[in-house]
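Readers should treat all values here as calculations from the given coordinates under stated rules, not as data from a laboratory. Remember, it's a predicted structure, so these values are computed and weren't measured experimentally. When we count neighbours, we look across all protein chains shown, and the Cβ atoms used for this are built from the backbone with ideal geometry, even at glycine.
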């Protein structure tokens with residue numbers, strides 16, 4: 001879940017918001033008046049994001065990183081596809 005806050009609120013309650021990131025796995029979006037916004041994420045989430053971006057899409061590294069990002073709530077889970085007999089019959093001789 002992402003929390004959107006103002007820079008002044010972040011400055012007043014920096015410890016509280018950093019605890020939200022580390023303890024509750026929240027993402028903090030800090031809006032800064034007249035400047036670009038800043039997003040704060042946990043080190044774990046950032047590591048998985050970097051791993052997914054740097055890995056080849058068909059690699060095991062990408063699959064693991066993608067799975068972890070799904071668990072973190074960064075990516076939506078894949079749809080469940082119901083297999084019927086046609087699916088399984090393709091493997092029969």
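Quick notes on this structure:
- Every helix of 4 or more DSSP H residues in the chain counts as -39500 (n - 2.57), and over all residues that averages to -14500 deg cm²/dmol at 222 nm.
- Of the options (i) 8.9; (ii) 6.8; (iii) 5.6, only one is mean projected area of the Cα convex hull in nm² as computed from these coordinates, and that is (i).
- Cα shape, segment 1-41, gyration tensor, a/c 1.5 rule: oblate
- Protection proxy ranking of 60-66, 79-85 - average other beta-carbon atoms within 10 Å, highest first: 60-66, 79-85
- As a length-normalised measure over Cα pairs under 8 Å and 6 or more apart, the relative contact order of the chain settles at 19 percent.
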